[in-house]
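Undergrad: Submitted below is the structure of interest, expressed as structure tokens.
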Amino acid sequence: MMKAGTRLEKTLRAGHFALTVEVGPPRGPNPEDVLRKAKLLKDIADGYNVTDNQTAVVRMSSIAGAVILQGAGCEPIMQMTCRDRNRIALQSDLLGAWALGMRNCLCISGDHQKASASGKLKGDPGAKNVFDVDSMQLISILKDMRDAGVLASGDPISQPTPFFIGAAWTPFAPPEEFRVLRLAKKIEAGADFIQTQAVFDMKRFATAVAAAEKMGLTDKAAILAGIIVPKSARMLEYMNANVPGVEVPESLIKRMAAAKDQRQEGYKITVELIQAAQKIPGVKGVHLQAIESEEVLPEIIKAAGLLPRPQV
Amino acid sequence: MKEEKQSGNMPRIVVVYCRNAVSSAAELLEGAYTAKGFRAYFAALPCSSKIEPSYPLKILADGADGVLVVACPEGRCRNLVGNVRAEKRINYVRALLDKARMGAERLTLERGEDLTEKDLLALAQRCLGPLKKLGPNPMKGDGK
Amino acid sequence: MIIAEWKPLPELVEKLKGHTNVLVAGCATCVAECAAGGEREVETLAPLLQMALKKEGRTITVRTRTVERQCEWEFVEELAELVPHVDAIVSIACGIGIQAVAERFPDLAVYPGVNTTALAIRQEPGMWIARCAACGDCVLGETFGLCPVARCAKSLSNGPCGGTRKEGKCEVDENLDCVWFQIYERAKARGKVDQLLKVRKPKNWSNSRHGGPKRVVREDLRP
């Protein structure tokens, strides 16, 4: 039974290996900045994630960015964090987003505002955070708005809001043995699709997915393996040391370091990771991220043999 | 404090020493001593750890130009870690002095054992250079 | 205890520039326990303020008094005898005490000498860690005695988030343990992990400050 009828949903239902990509909205109000990316990335994916003030850095809102993408022919996956809005604002924004045509929503906790003051940015570490509800509760809220036409308060809305509901999974963060159980919770709460934290060790990932499969989770929700395009050995080292849940095998770092053209090697590695993910039973797609360099995605996706995207 | 008027503008250094760091003769050192180019004032403690942050701060607020704390060498404290605690507290007060723009250098810590009166005065002498750079304590001459 | 930390000295100096006779008032309970506002700290701050203001060209007299608790009127009353001699009070009690003093002596300038920050425990000598967020909806019975509101940076009810670092530390502060990691470990040790599998519904925050400034009345204790 179709939940929201989005392109991503239809692609998965038809049994195709799905592909989503991530688009970061601009740190400014110019719609052209979004349209430029839309033009670059048109027709190369089944869904386009629009981040929600990622790392707590002020950017054009996810809803606005998503609406602009939609208008340019790229079906968006709106992201919603729990950091900045309470349940009233979240539900209000969901009603508005639905009214504007949004049908995919990824529910995540969100980075703490301390993260915004890194690198050259002053950010807003002094801002108050909200975290009225957590990602699990947000998933339930979307489910109830869709399947029962009811808000968190119990008050009804004038009509249900069908959304294809997404959640995140970080299979390797400690406590590792609890992560698949928490995934089960998210799916029980209503998650239809899952995008994982970046995976660089597909063998290890396969074990985690197998555990999920054993619990019957891979039939209930579609798991898309998260893949970040590596730019350099230093980037891989940085991620391995600093990004929770991301583990980069030493062999991969060595390989990158030894490469003549690290960028090209990065593309090769990405293609290999995509192909390895395709072989894991229970993995229904990949979620590709090229942080601040979305322009490299079309070439990589083509090289992975994933174009053209299937018609649904 | 009649002494102050008599000795004019000479810097005044209060030497707070741990009884265990000095020789038995020096253990009796108490009160004012006129030295070469400065006035010393000795005060004894049973252990350097008895130093509370308020103690050197009050001495300085009273008009002393510098406070020198003398403790036992590392690992030689009769009370095991008293001299370690003393150092932490002194560093804390030095930071406060900086924040108050009084100068961290007004409070120093020296270590030694079996020190004589001469040794203590020599240690106090070493404070004079940095204190000269800071200038006299602005708290001086407030009718004190 | 309620914990507080000294305000930066320049901030206090700025406030006291217009005054001549100051009282530094301490409290011997919570803030003494966290080495911010007890007698020791009063006796440390007083000479420091004097010197800092002297550096700004201002001569002030500083009186000191530490009372048992600044959140009790009978103890606040002990400051009354000093009030005629001063034109400002710097209170280094918690925000509750500072306000009690300000309320009892409304004609006097009362300045906070500290920032009140948390409800904490002294975990080790010289280290205080927040334990309670006064959320008014205590779930300690369901989280094996570990508070996810105060000790989780995102106050998650269904944690942990994906940010738990290696060794079970919090993504936001590597010096802090991820409390949800700890909750899981405790559940595992008791063989009660299944208790963590139910999706916990959104919290009701209305019994805390979020429901409006708190006011509690006990009829049985009213005169």
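Undergrad: Can you tell me which of A:200-209, B:132-141 comes out highest on packing, and rank the rest after it, using the mean Cβ neighbours within 10 Å? If you can, show how the numbers build up before the last one.
TA: Details: A:200-209: 18.4, B:132-141: 15.0.
So the order, starting with the most tightly packed, is A:200-209, B:132-141.
Undergrad: Report, in debye and to the nearest 20, how large the dipole of the protein assembly as shown comes out about its Cα centre when Lys and Arg carry +1 and Asp and Glu carry -1 on their Cβ.
TA: That gives a dipole near 940 debye.
Undergrad: Grab the beta carbon distance between residue B:52 and residue C:216, set R0 = 22 Å, and tell me the FRET efficiency rounded to 0.05.
TA: Details: r = 39 Å, r/R0 = 1.78.
With a Förster radius of 22 Å, E is 0.05.
Undergrad: Please identify which residues in segment B:60-80 have an amide N closer than 19 Å to a label point set 7 Å out from the Cα of residue B:10, following the Cα→Cβ vector.
TA: B:63-68
Undergrad: Moving on. Take peptides A:250-258, C:65-73 and line them up by average Cβ neighbours within 10 Å, highest first, as a rough protection proxy.
TA: Final packing ranking: C:65-73, A:250-258.
Undergrad: Now for a different question. Just counting partner chain Cβ atoms within 10 Å, what average do the residues of peptide B:96-109 show around their Cβ?
TA: The per-residue average across the peptide is 3.
Undergrad: Residue B:23 label point, 7 Å along Cα→Cβ, cut-off 18 Å on backbone N: hits in segment B:87-125?
TA: Of the residues in segment B:87-125, B:111-125 have backbone N under 18 Å from the label point off residue B:23.
Undergrad: Among C:61, A:47, A:221, whose Cα sits farthest toward the positive end of the charge dipole of the protein assembly as shown (+1 at Cβ of Lys/Arg, -1 at Cβ of Asp/Glu, about the Cα centre)?
TA: So the residue we want is A:47.
Undergrad: Take the alpha carbon gyration tensor of chain A, find the square roots of its eigenvalues, order them as a ≥ b ≥ c, and report rounded if a/c is under 1.5; if not, report prolate when a/b exceeds b/c, else oblate.
TA: rounded
Undergrad: Sticking with this structure for a sec: Return the whole-Å distance between the Cα centroid of segment C:45-76 and the Cα centroid of segment C:204-222.
TA: 34
Undergrad: Describe numerically, in nm with one decimal, the distance between label points set 7 Å from Cα along Cα→Cβ at residue C:130 and at residue A:259.
TA: It is 4.2 nm.
Undergrad: Now, a different point. Using alpha carbon centroids, what distance separates segment A:198-251 and segment C:131-197, in Å?
TA: When both Cα centres are located, 24 Å separates them.
Undergrad: For a quick protection proxy, order the peptides B:32-39, A:18-25 by their average other-Cβ count within 10 Å, most packed first.
TA: For the peptides B:32-39, A:18-25, the packing ranking is A:18-25, B:32-39.
Undergrad: Expressed as a whole number of Å, what is the distance separating the alpha-carbon centroids of segment A:253-312 and segment A:145-169?
TA: Using only Cα atoms, the two centres lie 34 Å from each other.
Undergrad: May I ask for log10 I(q)/I(0) of segment A:1-151 at q = 0.21 Å⁻¹, from a Debye sum over the Cα atoms as equal point scatterers with solvent left out?
TA: These q points yield log10 I(q)/I(0) values of -1.39.
Undergrad: Which of A:239, A:136, A:60 moves most in a GNM of chain A, Cα contacts under 10 Å?
TA: A:239
Undergrad: Find out how many positive minus negative residues lie around residue A:80, taking Lys and Arg as positive, Asp and Glu as negative, among other residues whose Cβ is under 11 Å from that of residue A:80.
TA: For residues surrounding residue A:80, the net value is -1.
Undergrad: For chain A, set up a GNM with springs between Cα atoms under 10 Å and report which of A:135, A:116, A:158 has the largest fluctuation.
TA: Looking only at A:135, A:116, A:158, the largest GNM fluctuation is found for A:158.
Undergrad: Can you tally the net charge around residue A:16? Count Lys and Arg as +1, Asp and Glu as -1, for every other residue whose Cβ sits under 10 Å from the Cβ of residue A:16. Before the final figure, lay out the partial values.
TA: Values: positive: A:10, A:13, A:284, A:309; negative: A:46.
Overall, the nearby charge balance is +3.
Undergrad: Right, something else. For n ≥ 4 DSSP H runs only, could you compute -39500 (n - 2.57) per run for chain B, divide by its residues and tell me the 222 nm figure to the nearest 500?
TA: Calculated mean residue ellipticity at 222 nm is -11000 deg cm²/dmol.
Undergrad: From the Cα gyration tensor of segment C:10-89, with a ≥ b ≥ c the square roots of its eigenvalues, which class applies: rounded if a/c is under 1.5, or else prolate if a/b is larger than b/c, or else oblate?
TA: Taking the square roots of the gyration eigenvalues as a ≥ b ≥ c, segment C:10-89 is oblate.
Undergrad: What is the sum of charges around residue B:27, taking Lys and Arg as +1, Asp and Glu as -1, for the other residues whose C-beta is under 14 Å from the C-beta of residue B:27?
TA: Summing Lys/Arg as +1 and Asp/Glu as -1 gives -3.
Undergrad: Counting pairs on different chains as well as pairs 8 or more places apart, how many Lys pairs in segment C:135-203 have Cα atoms under 20 Å apart?
TA: 9
Bear in mind these aren't lab numbers, they're just calculated from the coordinates by the rules spelled out. None of the values given here were measured: they were computed from a predicted structure. Because the Cβ atoms are built from the backbone with ideal geometry, glycine has one as well, and the counts that use them run over all protein chains shown.
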